[in-house]
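Below: one structure, written as structure tokens.
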């Protein structure tokens, strides 16, 4: 029985497992909608070293030199919000000649291909060495949707509350700090709490632990709450950390 966590290989493993279970290759191929040739090709690959064995191996001779790769990785820490082509252009200004596709290849090998991964690498660097952040790094860490402008008038307390999340910074030994803030648009009464994560459960914690009990104590029902529809205010109950 073959087991794999790779979603691409699960279909192949399922075909081989089904053939073993049924004891009939033709029936397994018919159920899975593949040919017998495909089945035997998968089976041969397993016998040669495993179904997840890559048919191609990376040619290290085609990789950039270590100095260039180090410059690319360092640049991803210095400017995590910059994409591969702009990063290539910035590196050229320093005399490091590498194309945008080459930058991405280096990022893939060092797990920097996504903005979130580059931010994570920056946070690890901060926690490790306590570096002084540049304007670009601070802007990347504080990146969020544009703030809404204007005023909202409501008829009575609890008619409409505004809840939002603010990134406060990185605390050594603790990690990221977020502030959940709720403001009643009528009375201007505000509630705030600090958290180390930006998830639906932290948003709900402030609401159910502080806001709703306060208004219930004063016999003022909370009718609606306005948010920026960020990830911490979206999702289904069954998918929350603590439904």
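Could you list, in sequence order, all residues of the range 163-176 that are surrounded by 14 or more Cβ atoms within 10 Å (Cβ to Cβ) and touching a helix residue (DSSP H, G or I) at 6+ places or on another chain (Cβ under 8 Å)? If the condition is that a residue be surrounded by 14 or more Cβ atoms within 10 Å (Cβ to Cβ) and touching a helix residue (DSSP H, G or I) at 6+ places or on another chain (Cβ under 8 Å), then 163, 165, 167, 170, 176 are the ones that fit. Could we say that residue 219 is farther than 19 Å from residue 116 by Cα, outside the structural domain of residue 76 (by TED's automatic domain parsing), exposed (fewer than 11 other Cβ atoms within 10 Å of the Cβ) and at pLDDT below 80 here? For residue 219, the condition - farther than 19 Å from residue 116 by Cα, outside the structural domain of residue 76 (by TED's automatic domain parsing), exposed (fewer than 11 other Cβ atoms within 10 Å of the Cβ) and at pLDDT below 80 - is not met. In this structure, residue 155 qualifies as at pLDDT below 80, more than 31 Å from the chain's Cα centre (by Cα) and surrounded by fewer than 13 Cβ atoms within 10 Å (Cβ to Cβ). Would you mind stating whether residue 75 is at pLDDT 85 or above, touching a helix residue (DSSP H, G or I) at 6+ places or on another chain (Cβ under 6 Å) and either farther than 29 Å from residue 142 by Cα or assigned by TED's automatic domain parsing to the domain that holds residue 126 (or both)? Spelling it out, residue 75 is indeed at pLDDT 85 or above, touching a helix residue (DSSP H, G or I) at 6+ places or on another chain (Cβ under 6 Å) and either farther than 29 Å from residue 142 by Cα or assigned by TED's automatic domain parsing to the domain that holds residue 126 (or both). Selection of the range 177-196 for residues being in contact (Cβ under 8 Å) with a residue 24 or more places away in the chain and crowded, with 17+ Cβ neighbours inside 10 Å yields 178, 180, 182, 184, 185, 186.
Each residue in the range 79-122 was checked for being in a helix (DSSP H, G or I), surrounded by fewer than 18 Cβ atoms within 10 Å (Cβ to Cβ) and out of contact with any helix residue (DSSP H, G or I) (no Cβ under 7 Å at 6 or more places or on another chain), and 11 pass.
Does residue 127 satisfy being assigned to a helix (DSSP H, G or I), touching a residue at least 12 places away in the same chain (Cβ under 8 Å) and out of contact with any helix residue (DSSP H, G or I) (no Cβ under 9 Å at 6 or more places or on another chain)? Spell out how you get there, then give the answer.
Values: assigned to a helix (DSSP H, G or I): yes; touching a residue at least 12 places away in the same chain (Cβ under 8 Å): yes; out of contact with any helix residue (DSSP H, G or I) (no Cβ under 9 Å at 6 or more places or on another chain): yes.
Spelling it out, residue 127 is indeed assigned to a helix (DSSP H, G or I), touching a residue at least 12 places away in the same chain (Cβ under 8 Å) and out of contact with any helix residue (DSSP H, G or I) (no Cβ under 9 Å at 6 or more places or on another chain).
The values are calculated or read from the model by the stated rules, or taken from the named source; none is laboratory data. The shown structure was predicted, so the numbers you read here are calculated from the model rather than taken from an experiment. No Cβ is skipped: glycine too gets one built from the backbone with ideal geometry, and neighbour counts run over all protein chains shown.
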